[in-house]
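The values are calculated or read from the model by the stated rules, or taken from the named source; none is laboratory data. The shown structure was predicted, so the numbers you read here are calculated from the model rather than taken from an experiment. Positions of Cβ are generated from backbone atoms using ideal geometry, with glycine treated the same way; all protein chains shown enter the neighbour counts.
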Amino acid sequence: MLPYNYMHRKPLYISLVLAALLLVLHLYALHMFLYWHHRWFDIPMHILGGAAIGAFLLAFFSTRHAKFYFFCMALVVVGWEVFEYIGHISTAQPNYWFDTAKDMVDGLIGAAVSFYFARRSLWH
């Protein structure tokens, strides 16, 4: 059995790797204009972002706190969309509200994937 501290550090390391991957992909996407040429590219980026933040939060939650975990993730996802709105990042798009709702669902899907893998590997 692994020591208690290792169990909480592993999701932090995973979140760091996912965040680094997200950064590299985002910078590449900006450089190559992928967000504008391939509108679908936003979907995996929001899922990966949700997975990265979800992995970070998993260091502080256990299986008993699943509802609170998803509540916190929902707050983060809504906060990110508010940031995009205030920063005028995606408000010029057609169907802005649909895109915003889709982005929130994508972020929560990423969080659910992180939670699923944590349940299967960390908490059994």
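The set of residues from region 62-107 being surrounded by 11 or more Cβ atoms within 10 Å (Cβ to Cβ) and modelled with pLDDT under 85 comprises Ser62, Thr63, His65, Ile89, Ser90, Thr91, Gln93, Tyr96. Taking the residues in region 12-34 that are over 10 Å from the mean Cα position of the chain (by Cα), of a type outside the set (Gly, Ala, Ser) and surrounded by 15 or more Cβ atoms within 10 Å (Cβ to Cβ) as candidates, determine which candidate is modelled with the lowest pLDDT. The extreme case among them is Ile14.
The criterion of at least 1 residues that are among the polar types (S, T, N, Q) and in contact with a helix residue (DSSP H, G or I) (Cβ under 7 Å, 6 or more places away or on another chain) is met, among helices (runs of 4 or more DSSP H) falling completely within region 38-124, by 96-121.
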